[in-house]
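*Asks:* Sharing a structure below in structure tokens format, with a few things to ask.
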Amino acid sequence: ALSRTQHQGTWGEMQLRRLVEAAGMLDHVHFVEQHTVADDDGSLRPDMLIDLAAGRRVVVDAKVSLDAFLDPEADEPTTAARHAAAVAGHVARLSSKKYWKAVGTPEFVILFLPAEHMLGVALRERPDLLQTAFQRKVVLATPTTLMATLSSISWAWQQSAMADQSRE
């Protein structure tokens, strides 16, 4: 079922949505999916925009190829090399989009890898990948790290709501 790129993207987006909802966030309240934003160079359509305080947003992208893992003929080193190259390529493409200019985000975009081992395999092959991604303003996140980030954002929204209620 995951042999087609479109299905892989759908699976990654579904995993992302489940995590966001598990963190207590609500669609069209705390986040929006597939929302088109315009910038000077045209339009962009991130997988998800997560709202922060003061009208800021975090962009999350969940498109990572699983093709390397699906090749039954490839040995483990070949699979790792192909996967690391796919992640590095996606980091470069995301960085070039400069979402932070169009969306008014903090100056980074989160690249969501929908399974923990996907980051581990890529880092074993390319140990400098995290640093390279940070330099390109892309944060690599697994379900565990994204859940921690989302929980922090959700907590901040709760604190903001309590402060608003106190002022009223």
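The values are calculated or read from the model by the stated rules, or taken from the named source; none is laboratory data. In this text, all values refer to a predicted model and were calculated from it rather than measured experimentally. Cβ: placed from backbone, ideal geometry, glycine included. Neighbour counts: every protein chain shown. Accessible surface areas use protein heavy atoms only, side chains included; no ligands, DNA or RNA. Shrake-Rupley method; radii C 1.70, N 1.55, O 1.52, S 1.80 Å.
*Asks:* Between 128, 51, 61, where does the largest GNM mean-square fluctuation fall for the chain, given springs only between Cα atoms within less than 10 Å?
*Replies:* Sorting by GNM fluctuation, first place goes to 128.
*Asks:* Report in % the part of the accessible area of the chain that belongs to carbon and sulfur, leaving out ligands and nucleic acids; probe 1.4 Å. Don't jump to the answer; show the numbers that get you there.
*Replies:* Working: 4870 of 9220 Å².
Result for the chain: 53 percent of the exposed heavy-atom area is carbon or sulfur.
*Asks:* I would also like to ask the following. Amide H neighbours of residue 35 under 5 Å, at least 5 residues apart or on other chains, H built in the peptide plane: list them.
*Replies:* Here 49 satisfy the definition.
*Asks:* In the chain, what % of DSSP beta bridges are antiparallel (nearest 5)?
*Replies:* Values: 10 of 18 bridges.
Roughly 55 percent of the DSSP beta bridges within the chain come out antiparallel.
*Asks:* Let me ask another. What nm distance separates the two modelled labels at residue 161 and residue 134, each placed 7 Å from Cα along Cα→Cβ?
*Replies:* Using points 7 Å along Cα→Cβ, the separation is 3.4 nm.
*Asks:* Here's another thing I want to ask about it. Report the gain in length on full extension from residue 144 to residue 116: 0.36 nm times residue separation, minus Cα-Cα distance, nm rounded to one decimal.
*Replies:* Values: separation 28, 0.36 × 28 = 10.08 nm, distance 0.75 nm.
That works out to 9.3 nm of additional length.
*Asks:* Sequence gap at least 6, Cα distance under 8 Å: using those rules, report the relative contact order of the chain to the nearest whole percent. Let's see the in-between values first.
*Replies:* On the way: 239 pairs, mean separation 38.1, N = 168.
That works out to 23 percent.
*Asks:* Still on this model: Enumerate the amide H contacts of residue 138 below 5 Å, restricted to partners 5 or more residues apart or on another chain; note that Pro and chain-start residues carry no placed amide H.
*Replies:* For residue 138, whose amide H was placed from the backbone, the distant partners under 5 Å are 109.
*Asks:* Name the most mobile residue of 96, 151, 65, meaning the one with the largest mean-square fluctuation, in a Gaussian network model of the chain with Cα contacts below 10 Å.
*Replies:* Maximum fluctuation in the GNM of the chain, among the listed residues, is at 96.
*Asks:* Under the rule of at least 5 residues apart or a separate chain, name every residue whose amide H is placed under 5 Å from the amide H of residue 52.
*Replies:* Here 57, 58 satisfy the definition.
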